[in-house]
1. Starting at the first residue of segment B:230-238, write each ³J(HN,Hα) from the Karplus equation 6.51 cos²θ - 1.76 cosθ + 1.60 with θ = phi - 60°, in whole Hz, x for Gly and Pro.
2. With both bridge residues required to lie in chain B, what share of the DSSP beta bridges run antiparallel, to the nearest 5%?
3. Sort shortest first the distances from B:Lys160 to its counterpart in every other copy, using label points 7 Å along the Cα-to-beta-carbon line, and give them in nm.
4. Residues of A:245-255, mean number of Cβ from any other protein chain within 10 Å of their own Cβ, rounded to a whole number?
5. With the alpha-carbon atoms as the only input, what is the per residue convex hull volume for segment B:140-281 in Å³?
6. Residue by residue through segment A:260-271, which ³J(HN,Hα) values in whole Hz follow from phi under the Karplus form 6.51 cos²θ - 1.76 cosθ + 1.60 (θ = phi - 60°), with glycine and proline marked x?
7. What fraction of the DSSP beta bridges in the protein assembly as shown is antiparallel, stated in percent and rounded to the nearest 5?
8. On a 0 to 90 degree scale, rounded to 10, what angle separates helix A:151-165 from the longest Cα axis of chain A?
Number of protein chains: 4
Amino acid sequence: AWFHRSSALPQSGAPPLPQSSFFPSVDGVMLPPGTFTNRVAFITGGGTGLGRAMTTTLSHLGAQCIIASRKVDVLQQTAEEISKATGNKVHAVQCDVRDPQAVSQCVNQMEEMAGLPDIVINNAAGNFVCPSERLSPNGWKSITDIVLNGTAFVTLELGKRLIQKQKGAAFLAITTIYAESGSGFVVPSASAKAGVEALYKSLAAEWGRYGLRFNIIQPGPIRTKGAFSRLDPTGAFEKGMISRIPVGRLGKPEEIANLAAYMSSDYATWMSGAVIRFDGGEYVSMAGEFNDLRRVTPEQWKMMEAMIRSTKGS
Amino acid sequence: AWFHRSSALPQSGAPPLPQSSFFPSVDGVMLPPGTFTNRVAFITGGGTGLGRAMTTTLSHLGAQCIIASRKVDVLQQTAEEISKATGNKVHAVQCDVRDPQAVSQCVNQMEEMAGLPDIVINNAAGNFVCPSERLSPNGWKSITDIVLNGTAFVTLELGKRLIQKQKGAAFLAITTIYAESGSGFVVPSASAKAGVEALYKSLAAEWGRYGLRFNIIQPGPIRTKGAFSRLDPTGAFEKGMISRIPVGRLGKPEEIANLAAYMSSDYATWMSGAVIRFDGGEYVSMAGEFNDLRRVTPEQWKMMEAMIRSTKGS
Amino acid sequence: AWFHRSSALPQSGAPPLPQSSFFPSVDGVMLPPGTFTNRVAFITGGGTGLGRAMTTTLSHLGAQCIIASRKVDVLQQTAEEISKATGNKVHAVQCDVRDPQAVSQCVNQMEEMAGLPDIVINNAAGNFVCPSERLSPNGWKSITDIVLNGTAFVTLELGKRLIQKQKGAAFLAITTIYAESGSGFVVPSASAKAGVEALYKSLAAEWGRYGLRFNIIQPGPIRTKGAFSRLDPTGAFEKGMISRIPVGRLGKPEEIANLAAYMSSDYATWMSGAVIRFDGGEYVSMAGEFNDLRRVTPEQWKMMEAMIRSTKGS
Amino acid sequence: AWFHRSSALPQSGAPPLPQSSFFPSVDGVMLPPGTFTNRVAFITGGGTGLGRAMTTTLSHLGAQCIIASRKVDVLQQTAEEISKATGNKVHAVQCDVRDPQAVSQCVNQMEEMAGLPDIVINNAAGNFVCPSERLSPNGWKSITDIVLNGTAFVTLELGKRLIQKQKGAAFLAITTIYAESGSGFVVPSASAKAGVEALYKSLAAEWGRYGLRFNIIQPGPIRTKGAFSRLDPTGAFEKGMISRIPVGRLGKPEEIANLAAYMSSDYATWMSGAVIRFDGGEYVSMAGEFNDLRRVTPEQWKMMEAMIRSTKGS
Ligand SMILES: NC(=O)c1ccc[n+]([C@@H]2O[C@H](COP(=O)([O-])OP(=O)(O)OC[C@H]3O[C@@H](n4cnc5c(N)ncnc54)[C@H](OP(=O)(O)O)[C@@H]3O)[C@@H](O)[C@H]2O)c1
Ligand SMILES: NC(=O)c1ccc[n+]([C@@H]2O[C@H](COP(=O)([O-])OP(=O)(O)OC[C@H]3O[C@@H](n4cnc5c(N)ncnc54)[C@H](OP(=O)(O)O)[C@@H]3O)[C@@H](O)[C@H]2O)c1
Ligand SMILES: NC(=O)c1ccc[n+]([C@@H]2O[C@H](COP(=O)([O-])OP(=O)(O)OC[C@H]3O[C@@H](n4cnc5c(N)ncnc54)[C@H](OP(=O)(O)O)[C@@H]3O)[C@@H](O)[C@H]2O)c1
Ligand SMILES: NC(=O)c1ccc[n+]([C@@H]2O[C@H](COP(=O)([O-])OP(=O)(O)OC[C@H]3O[C@@H](n4cnc5c(N)ncnc54)[C@H](OP(=O)(O)O)[C@@H]3O)[C@@H](O)[C@H]2O)c1
């Protein structure tokens, strides 16, 4: 029964909790039109999932976007679709972020097409669930090479060129709520994302003087094919996840996109070195030792209260 | 020389760093007009400083605001000024948050005037610099009673009534960047603010099921009379503070207000239990062990590099 | 069925997990005999539970101990029993830590009997589980006044006198694993303990120059009557708690006592501002988003692996 | 003048602060003799610095030690010297932890010589100060390959074999105080160490059921040739570091060794997923926003107090 659903990501998964009606999502773009006019944004992994949503929002707000990942066909289709919807240019550039030379060439292309970026979003990643005792050195590297080294190569390459040209920029990295706590069964991802957070906090301190700022979003669970097909292939895990999210539902790519756009905008120029958890409250709900008491009924509480009151001494 | 400036808060303090030109502040309101139409917002300490700025922004966006603190004349003047500027009602209610009964009466008044709030901002606070060995029990309580107990009384009172009426709401608390790390010389504030953060993270987990969400902003230094006159009465400290802020300048009340408005809006309904540091990068800059190396010149780096390269073994 | 056990704390609760055989507890004293000869230790709440265990260990190691709390009869019996077992003096002093004057008088008595302490352990606390919407302002204060104000009054009073006399000391506070994350249903405790942690980290920074150092233990669940009768009065919660502890068992007071003795000893003079979680791994186990996958069987993993491998694209 | 000292690590660097007389270090071994009899300990980077100190302490306490790193001559000399001093076997095994195959062969050798370990200390690391804009992809990898991948390869290899043989073990990783905050100028190290912490917290949660526990020490500055020659080649930085350490002095390798031995012993079987900062208070001292006020004199405090008292309103 735990594997009752097919691996093709269904349109809709487990139902939200009742309280989610208090927490409706807003899909519309939040920032004022034209916020990013004449700005260039570079988004890794921009062809799918959250990267696609962030690109869409930035493009709607006037940015010229460059999206980069391995699958050039996916990128091109996304670029076209977004560009058509927003009327602003979206460029697709093939780039495997694990390869420093590929990164360098990709930035060359960007410089030619659009110039160095004002906004950089390190969003590309890989991940899959796996008991750690089944993990080979190659399995380990297949994730950390993308997430940690890839982010570093992109960030160092762009940082050096921006510094050289005395151009400011806002960097954003997408990590995860388990980057700080760690988590079993996604260990290479946890380690690599923690590394990304330290990288960004370090550079926020070091490179502010060059006009660069660095911030982080830690998303909780948001249904994308890339993430869910490798983290919950059977669909059996989703219900339990929702049941512990205080807001009672998964997040939506558009919600991340609005937050990311804010953080990348001039409304947030004073933000650097920040780490924003955006997860419907899942993290604090899991981490707090007595939160399971949510299952206790009002009648049971009355009885427990009476027992506690009658306790004498220590 | 360290006390060369008068205690009257000067219009402008220490100058920003050169890189601040990369990080211009935007004073305009970020969210779409009408975002808070038909919403009621309750802001403690809304008569001055950051509270006043947040009230102004919410009011501009259509909210009916209730501001509460001890000095009713200050509140009334602020209420009038904002209301005049925005065209929306701002109510002034006297309330000392240290007194649970006063809090309860204040909420009664609010219910009559505007109903229970959709947005609650716990912003009232007290603070002053003082070596801890000079701190009496009363000195300790003069801060913690406002910051921790005051926030708790307001939050519990409103939470109970909202739950009772099955009404959802977004709570926001204003803490500080030293709530996690602690800090000497402002110890009661550090302790109380840490308590507020735990309160909010706890309730984010516990009260999500009732339609309530809870988030936190940790501001870095923002020039307000209330804060700076008690934290840097001589003005001697400000320059050092700016020198370690990567973004090279203090924050502005309007920047906090835009962030607070976002967090209180439906664009952020999926945000709960989040703690957002907003400080120009000051925290990571102070905390990172090797950040003082920013003082090393390029020539010195070359020499150090040569020395490191020539090192053999461990 | 959830309330099947009596409120009298049974000798043994839920059984440990199989892996606990890998993690045997050692009850014996760890530090070399005489480690605390000629040292004076002050332990609040030293009459029961963890405080009693820490007092026992310090006394075994040669310290002259002063234990203080409200119930003088309990204190006196404990003092006698420990003193008899170890051959070293243990003094019982009545003191309600919520009352600054009582604290001052208690320290007067200690100074007369033994001099100012070399070791201070802030261990006194109160706590009970309760939905926050059932919490009155008095309920809130009944906990925070002991935990936060009580710790502050003891710490400030002793700190001032030690500084005045130019005497060094090691301070230790006992907090909890939910001080950082917060937790529903124990909200006043979470807030007050977070405040204690900030207090200690702040003073570690500020008062080092006076020869004082400050550290923290965050215990996970350890079966004491004081804690368990108010946190799990029915006994229904314990099994769930154990099931998520990686080490597979509750902690023992003697284990805390050995850690506390180490941190208070000269072996740890370089330790200050440290926060040591000691919880069998419970915190990381709860907090990590994918740790529930521990329930997946090896056969299920094989199938999931196949599904993941067959996934194409994002 | 900042480069006034030679790169050869002098016997003694900058002098300690006056308060350090309150905080004498104890060099002797803390745990009871024979604590590790019949235990096998594996220490990477055990030939020098902190690794050598930890090996010495474990060996004194009865453990059979295996030390592994790249320089086999250094290892052999250390092994001989320690073995001679303690009377217990110390084996030297050449191993570059960046190479999974080398790690596997090293473990083969260990299994033959001594069996699988009861204690594993991941201590090997590389680091050097460098402005990030001068860092090449190879420079980045030269550190992260040792620190993060190396630790992962060692941990996964040993974990798998221990699980297979149903043998319990205590793992310890040596990270750094800037792993959480990040730090400029040592960015690859900060990122990789953060990754190691997430790895350990993750496995603490996941592998407890197999009898394995995982803990972390974050050392502050301890004068070793390996660290200081690459982090402070000119010696110019040390004085500033000491000036902000509340305890007023650097740490000593023996102090780390006693803590590490405790954490690896059965006295700490209930400890897993813990992160212990051991740094003389440096971290909290740097991170706390108002700690610079330590420079204010008593006379200045009196004046500031008067100014604050005379402030009216906000
Ligand atoms: N969805 C969630 O619930 C969730 C939660 C927490 C964090 N996140 C984070 O959010 C980000 C986006 O995830 P998502 O859910 O949108 O999944 P996704 O659609 O799978 O996005 C991952 C993207 O990374 C790109 N990528 C992978 N390897 C690459 C490489 N070597 N070089 C360049 N690009 C590469 C992929 O494109 P190609 O295949 O074309 O290379 C893909 O577009 C990730 O950082 C993820 O960790 C997601
Ligand atoms: N400015 C900064 O750099 C900075 C940095 C970090 C955090 N913060 C935080 O930001 C918030 C606003 O500070 P601010 O800079 O705007 O200073 P502020 O103008 O002094 O604001 C504090 C407000 O709290 C109110 N208040 C004080 N005691 C009260 C009580 N017992 N009951 C009700 N209200 C009370 C005050 O009004 P009455 O006097 O009329 O009661 C005042 O309006 C505070 O929480 C502060 O800790 C500020
Ligand atoms: N056991 C656990 O699982 C656990 C877990 C995490 C943290 N802790 C912490 O460990 C510490 C000890 O707890 P425990 O389990 O040993 O429970 P306990 O036996 O109930 O200890 C609490 C002690 O505090 C004293 N106390 C309470 N109010 C006081 C007051 N106003 N003034 C002075 N003393 C007061 C009590 O003595 P009187 O009644 O005589 O005043 C009692 O001896 C506490 O800080 C607790 O929060 C325990
Ligand atoms: N000393 C401090 O102030 C300080 C502060 C914070 C953290 N730490 C940490 O403490 C640990 C020990 O540092 P230390 O100060 O004792 O410096 P160290 O003497 O330089 O120790 C580093 C050790 O790592 C070994 N190593 C380096 N690369 C290796 C590789 N590829 N494979 C296997 N072993 C390798 C080295 O031996 P070979 O050259 O023979 O390979 C050396 O023995 C490190 O993790 C460091 O990050 C130290």
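All of the numbers you see were taken from the coordinates with simple rules; none came from a lab. None of these values were measured; they are calculated from a predicted model. Here the Cβ is made from the backbone with ideal geometry for all residues, glycine too, and neighbour counts use every protein chain on show.
1. 10, 10, 8, x, 8, x, 6, 8, 4
2. Around 0 percent antiparallel, to the nearest 5.
3. 3.5, 5.9, 6.3
4. Numbers: counts 3, 15, 11, 3, 2, 1, 3, 1, 0, 1, 6.
Average neighbour count from other chains, rounded to a whole number: 4.
5. Numbers: hull volume 16.1 nm³, N = 142.
In segment B:140-281, the Cα convex hull volume per residue is 114 Å³.
6. Result, ordered by residue: 4, 5, 4, 5, 8, 8, 6, 5, 10, 4, 7, 9 Hz.
7. Values: 0 of 112 bridges.
So the antiparallel bridges in the protein assembly as shown amount to around 0 percent.
8. 40
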